[in-house]
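Beneath this line is the structure, given in structure tokens, with notes to follow.
Just so it is clear, none of the values below were taken in a lab; they were calculated from the coordinates. Just so you know, these numbers come straight off a predicted model, no measurement behind them. Glycine also receives a Cβ, built like all others from the backbone with ideal geometry; neighbour counts cover every protein chain displayed.
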Amino acid sequence: MRARALLIVTLTVTLSGAHPAAAQSFTEMGVASGVSHLWRYSTGGAWADHDGDGDLDLYVTHWGTATGTNTANALYRNDDSSFVDVADVLGVANDRNSVGAAWADYDGDGDLDLYVADFFEQDFLYASQGVGAAFTEVGRAGEMVNLVKLGSSTSAAWGDYDGDGLLDLYLGKFYYDNELYHNEGDGQLSPVTDLDVGDRRDTNAFTWVDYDNDGDLDIYAVNREQENALFRNGLSDGDGFTDVAHKVGLGSIEIDQRGAERRRVGRGDHGVGKLPSLGRDPVDVGRADRLGAETSQVPIGLVVGEDENEIRRVRFSPASGHGQSRRTQPHEAEESPA
């Protein structure tokens, strides 16, 4: 089996110093730093050092029709922990109905590009014109991603599923099949329809992860009011993806918005949180050099089992608290889906 690139972002917070972790405290700095978003209906956040100055910048998505003013998405440039919104200047002040975003250098030119998922309309793919430079929308303009709007996008994440060194794109959706796009290497993304990852169970969120440590990326999908899915990547065996959620013990488990394990009780999932622990030490699946810290709609960073038949522990990085506290879903703000 040939080696495959493993593209997963793992964010680990280490609390250093003489005091134990229990003695640490946090201070809410949203207002002081300029990212409080008063009167805006925020839906997601994605961190990445898009200007290459060594600190993380923040892209925040908004539900554009929830309020009458200040509804455009924001890109906050980090200036020594004080933030300035440069979204309008750089061409990413999207004022539609964004539900999440994902950074990645998808075209391999050395700077981070930005994918923005839209609940009602075609999604947006912004290609960076240089480190810290403006962005150009190429997804709609190039007619290459989510062109025919089938269902409603809820989440997006980049990952190299076929090990060719190029970042591919997976979309979680309500009301239709999830979608996988293959990166052709020339700036184009092509839909993939023959690998059996088109889950139609209203995916709220998902993550790429090599849960079985076989060198390729699998997909764990959290579905609203239906069973979650774990798609095992079988390309190295000449197969597609196979949903093995039942096989590994996840078939009837739902993860609620607080990240606690529970059985089906009639409420939908809202994120990836804690999976069953079998009491062993975790195995870190690694990190990607070209991925930014992805949206809260796309939980990232997993610690998983060494064998495909067991999942021992999951640690995810709450980029903006997803999976920890209740966050109103976009459809609750404007429409009530059947």
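Working from label points 7 Å from Cα in the Cα-to-Cβ sense, the residue 239 to residue 131 distance is 4.3 nm. One chain, two ends: residue 175 and residue 23. Fully extended at 0.36 nm per residue, the span grows by 50.2 nm beyond their Cα-Cα distance. For the stretch 164-177, putting each phi into the Karplus relation 6.51 cos²θ - 1.76 cosθ + 1.60 with θ = phi - 60° gives couplings of 9, x, 10, 7, 9, 10, 10, 10, x, 9, 9, 6, 6, 5 Hz, in residue order, rounded to whole numbers and with x for Gly and Pro.
Based on every Cα atom in the stretch 85-220, Rg and the maximum pairwise Cα distance Dmax equal 14.5, 44 Å.
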